[in-house]
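Trainee: Dropping a structure here in structure tokens format, bear with me for questions.
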Amino acid sequence: MSTEPRRTRTLRIGAGASYAGDRVEPATELAARGNLDYLVYETLAERTIALAQLERRKNPEAGYNELLADRFYSALPHCKKNRTRVVTNMGAANPAAAARRTAEIIRDLHLGAMKVAAVIGDDVLQYCLNNADPLKLMETGQPLSSLEGQIVSANAYLGADVIVEALRQGADIVLTGRGGDCSLFLAPMMHEFGWGEDDWDILGKGQTGADMVECGANVSGGFFADPGYKEVPELWNLGYPLLEVERDGTIVVSKLPGTGGIINRAICAEQMIYEIHDPANYITPDVVVDFTGVELEEIGPDRVRITSGCGKPRPEQLKVSVGVLEGWIGEAEIVYAGLGCLERARLAEKIVRERLKIGGVELQELRIDYIGMNALHGEASLPLKEPPYEICLRFAGRVREKRGAVKLGNEVETLVGKGPASSSIPRKHVREVLAIYSCLIPRGAIKPQIMVTEVP
Amino acid sequence: MKTFYLRELAHARAGDKGDTNNIGVIAYEPHYYPILLRQITPERVKQHFRGIVKGRITRYELPKVHAINLVMEGALGGGVTRSLSLDPHGKSYSALVLTMPVEVQEDIAAELMLKGRRPIGTEP
């Protein structure tokens, strides 16, 4: 146990990003005038880390977040001045390289002495390959070895404990790879308040607050506006959220004055339920959270107090995201407009289907959408009251070999000149399928390590 | 009774995990919540999401925030990363659930109409 004096005053944690390509400026603004103790950047979706592993294979110094330098050049001077520590999973597939780059940036900016910690050990590819028979996919129950594609990555969701240890060692900046998104926010709370790793109730409260901001601006006005129903002021100037955490686990979610966006009960409720299944049992590496008792209270403009979250013991196993190369997807789009556009688009569909047969292209799956009518919701779409003025016909096909995906795009492209009258010039696109599956592995299979770099 | 789109009574947000989509549906007012509980049932949602949801739908209740959580399995074309859909995450499904028709008793219908909301088929 640490003997450091524990914090009694409010802890302020800013949410500076919620995906790899997130906007940089709002995070810098939080760093500049948020009076933050911690700035957290969460940048890893399920697939992001698998893509980063592929980057790292090509270049041993790559595989971390591409915006790391942009973010740190603009935010670190404020963080240093305001004594704000940074916790982020921008390390992605290569936290050690991310730490080296961060140290360069600190020297380049003449920020003086700082400690940068890289958390490694989430990469469990070798373990998974060695245990591909006993490990079962959560999606299907089938063994990992039954996958037909090539397994290229396996990363475990580490918990907050290893980040807490890095903070205890004095890191000003902690760079991780795969971990629980919420754990990035929970770790500073555990470290500062001395919350126990098995104090499930307080961890549940902390994780409820973490869940509220782990998708960044989705709680401060993003992905919410619906004119006439849900209005959001100055959405273009959206402020990113921050947590004000008390030692007893009471948490207020707020944002900087003078920024756009909105924080109210309605958006907090949307965010709390976002991407959870059973609200009484939301599984994280640190604690199983029960949201069913959570109370949300508007206590001021853009300030919501969160109370009565609670927790249960953490799971014995950790989730692993497995990246698998499974083939190719070809996509192409063509637009028809004017009277009879729908009939011309339907004829174009027939032509492409027939030409794919003539060309002997065997697609595993072919999807055809009429954008403007039914592309997102298919037969469940509300019917149109009159024919559309223009329609975008979209083809998407999945295929084992790349040439089939290319061929699909070419057959759509040649509709100009060899298909119905009066269309746009088609756009086409080919991409490799990097599918993500999940499995569970024992905690004991993972040995996280911390590498500290001291910039003098 | 009058029939409104669910959009007039509730708001929603959808998210993904693998091949499962979940939609949080939150009543704008606490006294609309019983309408959600009675009418936004897994059976009706499955019918409404025809062609999209292949698996089971489970509904969880969050009465403190007058919300339900609809967890829809087999809803994402085989999973976000393999799907051929333009919306592989199903984030737009929140808009689809809000097109469900719901029957509303007269006092709440009057309240909605005072706010400028219109029953289905009577929109200007």
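Read-outs: derived from the displayed coordinates by stated rules, not from any lab. Here the structure is a predicted model, which is why all the values come from computation and not from measurement. Note that we place each Cβ from the backbone using ideal geometry, even for glycine, and neighbour counts take in every protein chain shown.
Trainee: With charges set only on the Cβ (+1 for Lys and Arg, -1 for Asp and Glu), what does the dipole of chain B come to about its Cα centre, in debye to the nearest 20?
Mentor: Dipole magnitude for chain B comes out near 320 debye.
Trainee: Report the per residue volume, in Å³, of the convex hull enclosing the C-alpha atoms of the stretch A:1-83.
Mentor: Dividing the Cα hull volume of the stretch A:1-83 by its residue count gives 149 Å³.
Trainee: Further question: Could you tell me the distance between the Cα centroids of the stretch B:45-118 and the stretch A:196-251, to the nearest Å?
Mentor: The stretch B:45-118 and the stretch A:196-251 have Cα centres spaced 23 Å from each other.
Trainee: Here is a further query. Could you check the spin-label model distance between A:ALA69 and A:LYS418? Points 7 Å from the Cα along Cα→Cβ, value in nm.
Mentor: For the pair A:ALA69/A:LYS418, the computed spacing is 4.5 nm.
Trainee: Given the C-alpha centroids of the stretch A:287-349 and the stretch A:1-63, what is the distance between them in whole angstrom?
Mentor: 20
Trainee: Quote the convex hull volume per residue of the stretch A:322-438, based on C-alpha atoms, as a whole number of Å³.
Mentor: Cα-based convex hull of the stretch A:322-438, divided per residue, equals 101 Å³.
Trainee: Could you tell me the calculated FRET efficiency between B:LYS64 and A:LYS58, based on Cβ-Cβ distance and R0 = 45 angstrom, to the nearest 0.05?
Mentor: 0.35
Trainee: In whole Å, what are the extents of the stretch A:1-140 along the principal axes defined by its C-alpha atoms, from largest to smallest?
Mentor: If we take the Cα atoms of the stretch A:1-140, the spans are 51, 37, 26 Å.
Trainee: Give the lysines reachable from B:LYS46 as a straight Cα distance under 16 Å; neighbours fewer than 8 places away on the same chain don't count.
Mentor: B:LYS54
Trainee: Also, I was wondering about something else. In the stretch A:158-282, what % of DSSP beta bridges are antiparallel (nearest 5)?
Mentor: The antiparallel proportion sits near 75 percent.
Trainee: Let me ask something else about it. Which whole-number percent is the relative contact order of the stretch A:12-119 (Cα, under 8 Å, 6+ apart)?
Mentor: 28
Trainee: Tell me, B:VAL45, A:VAL119, A:VAL164 in order of fewest to most beta-carbon neighbours within 10 Å?
Mentor: B:VAL45, A:VAL164, A:VAL119
Trainee: How large is the helix-only mean residue ellipticity at 222 nm for chain A, computed as the sum of -39500 (n - 2.57) over DSSP H runs with n ≥ 4, divided by its residue count, in deg cm²/dmol to the nearest 500?
Mentor: It comes out at -8500 deg cm²/dmol, rounded to the nearest 500.
Trainee: Then there's this: Which aspartates and glutamates, if any, have their Cα less than 20 Å from the Cα of B:LYS2, not counting same-chain residues under 8 positions apart?
Mentor: B:GLU29, B:GLU103, B:GLU106, B:ASP107, B:GLU111, B:GLU123
Trainee: Out of the DSSP beta bridges found with both residues in the protein assembly as shown, what percent are antiparallel (nearest 5)?
Mentor: Of those bridges, close to 85 percent are antiparallel.
Trainee: Once you treat every alpha carbon in the stretch A:105-186 as an equal point and sum by Debye, what is log10 I(q)/I(0) at q = 0.15, 0.16, 0.17 Å⁻¹?
Mentor: -0.69, -0.74, -0.79
Trainee: Moving on. By counting other Cβ atoms within 10 Å of each Cβ, how are A:LEU67, A:LEU382, A:LEU44 ranked from fewest to most?
Mentor: By the 10 Å Cβ count, ascending: A:LEU382, A:LEU67, A:LEU44.
Trainee: Could you work out how far the C-alpha centroid of the stretch A:372-449 sits from that of the stretch A:98-142, in angstrom?
Mentor: Centre-to-centre (Cα) distance: 32 Å.
Trainee: I need the semi-axes of the equivalent ellipsoid of the protein assembly as shown: take the C-alpha gyration tensor, multiply each eigenvalue by 5, square-root it, list largest first in whole angstrom.
Mentor: Over the Cα atoms of the protein assembly as shown, the ellipsoid semi-axes are 40, 32, 23 Å.
Trainee: Looking only at the stretch B:86-109, which residues have a backbone nitrogen under 17 Å from a spot 7 Å from the Cα of A:ARG427 in the C-beta direction?
Mentor: Backbone N within reach: B:86-88.
Trainee: Turning to a different aspect of this structure: Once you sort the root eigenvalues of the Cα gyration tensor of the stretch A:8-55 as a ≥ b ≥ c, which label holds: rounded (a/c under 1.5), prolate (a/b larger than b/c) or oblate (the other case)?
Mentor: prolate
Trainee: Restricting everything to alpha-carbon atoms, can you work out Rg to Rh for the stretch B:2-114 with a Kirkwood hydrodynamic radius?
Mentor: Ratio value, two decimals: 1.00.
Trainee: With a/c under 1.5 counting as rounded, go ahead and sort the stretch A:161-264 into rounded, prolate or oblate using the C-alpha gyration tensor (a ≥ b ≥ c being the square roots of the eigenvalues; past the cut-off, prolate if a/b is larger than b/c, else oblate).
Mentor: prolate
Trainee: Neighbour counts of other C-beta atoms within 10 Å: give me A:PHE224, A:PHE185, A:PHE395 arranged from fewest to most.
Mentor: Ascending Cβ contact count within 10 Å gives the list A:PHE224, A:PHE395, A:PHE185.
Trainee: Which residues in the stretch A:224-245 have a backbone N closer than 12 Å to a point placed 7 Å from the Cα of A:GLU25 along the Cα-to-Cβ line?
Mentor: Flagged as within label range: A:236-239.
Trainee: Counting only helical runs of four or more DSSP H residues, what would the 222 nm mean residue ellipticity of chain B come to if each run contributes -39,500 (n - 2.57) and the total is spread over all its residues?
Mentor: Computed mean residue ellipticity for chain B: -5500 deg cm²/dmol.
Trainee: Next question. Using a cut-off of under 16 Å, list every residue of the stretch A:409-436 whose amide N is near the label point 7 Å from the Cα of A:ARG346 along the Cα-to-beta-carbon line.
Mentor: A:420-421
Trainee: Once you sort the root eigenvalues of the Cα gyration tensor of the stretch B:64-124 as a ≥ b ≥ c, which label holds: rounded (a/c under 1.5), prolate (a/b larger than b/c) or oblate (the other case)?
Mentor: Cα axes put the stretch B:64-124 in the prolate bin.
Trainee: State to the nearest 20 debye the size of the charge dipole of chain A about its Cα centre, where the only charges are +1 on K and R beta carbons and -1 on D and E beta carbons.
Mentor: The dipole magnitude comes to about 1160 debye.
Trainee: Something else: Here is the link list: A:LYS319/A:LYS447; A:LYS80/A:LYS115; A:LYS350/A:LYS385. Which ones come out longer than 18 Å on Cα distance?
Mentor: The answer is A:LYS350/A:LYS385.
Trainee: For Cα pairs less than 8 Å apart in space and 6+ apart in sequence, what is the mean separation divided by the residue count of the stretch A:354-456, i.e. the relative contact order in percent?
Mentor: Dividing the mean separation by the residue count of the stretch A:354-456 yields 23 percent.
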